[in-house]
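What follows is a short report on a single structure.
The values are calculated or read from the model by the stated rules, or taken from the named source; none is laboratory data. From a predicted model like this one, the values you see are computed outputs, not experimental measurements. Every residue, glycine among them, receives a Cβ derived from its backbone with ideal geometry; neighbour counts consider all protein chains shown.
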Amino acid sequence: MTDQVVVALDVGGTGMKCALVRPDGTVEHSERHPTDAARGPAAVVETILDVADALAGKARLDGLTPIALGVAVPGVVDEGRGVAVWSANVGFRDVPLRELAEARLGLPAALGHDVRAGGLAEARLGAGRGARHNLFVAIGTGIAAAHIVDGSAATGAHGAAGEIGHILVRPRGPLCGCGRAGCLEAVSSASAVARRYAELTDPVATAPTVTAAEVAALAAAGDPPARQAWSEAVEALADGLATGQALFDVETIVLGGGLAQAGAQLLEPLRAALHDRMTFHREPRLVAAALGDEAGCLGAALLALDTLEKR
Ligand SMILES: [Zn+2]
């Protein structure tokens, strides 16, 4: 059927990326909406259902046939049961989102985890295409990963696989949001890079005044504290990725998220640092993500299509 589309939503703490996607991965239409998480989880769920319903309606008006819905959300997600178990930034606590969506739209639905959905899309449609074993690592405010084998992402027994940001890389290092000192994301996330630069340049500063992208630009221009903050982040990231490679033995590591937009400035020293850490493990190909911030939404669409295949 050439008129079939999937309704796809990628729900983040601040915004939702939404699209109508054809079964071959082509985006037919896309739109964005604020999540406004401060309203509380019940209101966010209502918005998700309203937006999804309106998109299905738009598809029908355009002469298309919506066949399924895919929703990706952050936090701990039980994909088997279709439940958003826990989320720090959206506030979900055991929300049976798949069931709610199926009841509201009358379409089969899939619920997925945002980073795993993004990794799935990169593996099947983006930078990891052609490799059977991929590790997708998203570096933004936090750091999370998805291990994709033969086009499907491992979810873990409790929906919490891929928390590479909480690998211990610097014992007694900076405090992580999870409460422990020295996690990878406390050293190498975009927010950690900005914080470290602030610490090095203004010891009395209470909050970072520059972003990680600005630190990257300063480092490229030769600014010593920026170069130090950047290289500390790269070294710790190489430690984390080396652990990832020891665990998963992948062909390709795809780097996404805000920090990966630094491109060669991140990839080149990171490749060298990772190379230095390989002993008997095979060195993975290290590449930048290709789908940008649409990856999660495309992944949600793929999950919906996979659901249809299994029925
Ligand atoms: Zn942590």
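None of Val193, Val187 is away from the ligand (no atom under 11 Å from the Cβ) and modelled with pLDDT of 95 or more except Val193. Applying the criterion of being within 21 Å of the chain's Cα centre (by Cα) and buried (at least 19 other Cβ atoms within 10 Å of the Cβ) to the residues of the stretch 272-286, the residue that is nearest to Gly70 (Cα to Cα) is Leu286.
Tell me the residue from Gln245, Gln265 that is over 18 Å from Gly118 (Cα atoms), among the polar types (S, T, N, Q) and either within 19 Å of the chain's Cα centre (by Cα) or crowded, with 24+ Cβ neighbours inside 10 Å (or both), please. Let's see the steps before the verdict.
Values: Gln265 fails: either within 19 Å of the chain's Cα centre (by Cα) or crowded, with 24+ Cβ neighbours inside 10 Å (or both).
Of Gln245, Gln265, the one residue that is over 18 Å from Gly118 (Cα atoms), among the polar types (S, T, N, Q) and either within 19 Å of the chain's Cα centre (by Cα) or crowded, with 24+ Cβ neighbours inside 10 Å (or both) is Gln245.
Counting just the residues of the stretch 164-174 that are more than 9 Å from the ligand (Cβ to nearest atom) and of a type in the set (A, V, I, L, M), which one comes out nearest to Ile139 (Cα to Cα)? Quick ask: steps written out before the conclusion?
Here is the first cut: in the stretch 164-174, the residues more than 9 Å from the ligand (Cβ to nearest atom) are 164, 169-174.
Now drop any that are not of a type in the set (A, V, I, L, M), which leaves 164, 169.
On the way: Ile164: 10, Val169: 16 Å.
Restricting to residues being more than 9 Å from the ligand (Cβ to nearest atom) and of a type in the set (A, V, I, L, M), the top hit is Ile164.
The numbered conditions (1) at pLDDT 95 or above; (2) within 16 Å of the ligand (Cβ to nearest atom) are all true for Ala160 except (1).
Candidates Ala117, Ala101, Ala68, Ala123: the one that is crowded, with 23+ Cβ neighbours inside 10 Å and either assigned to a strand (DSSP E or B) or aromatic (Phe, Trp, Tyr) (or both) is Ala68.
Looking at this structure, is Glu185 of a type in the set (Asp, Glu), free of Cβ contacts under 8 Å to residues at least 60 places away in the same chain and buried (at least 18 other Cβ atoms within 10 Å of the Cβ)? So Glu185 passes the test.
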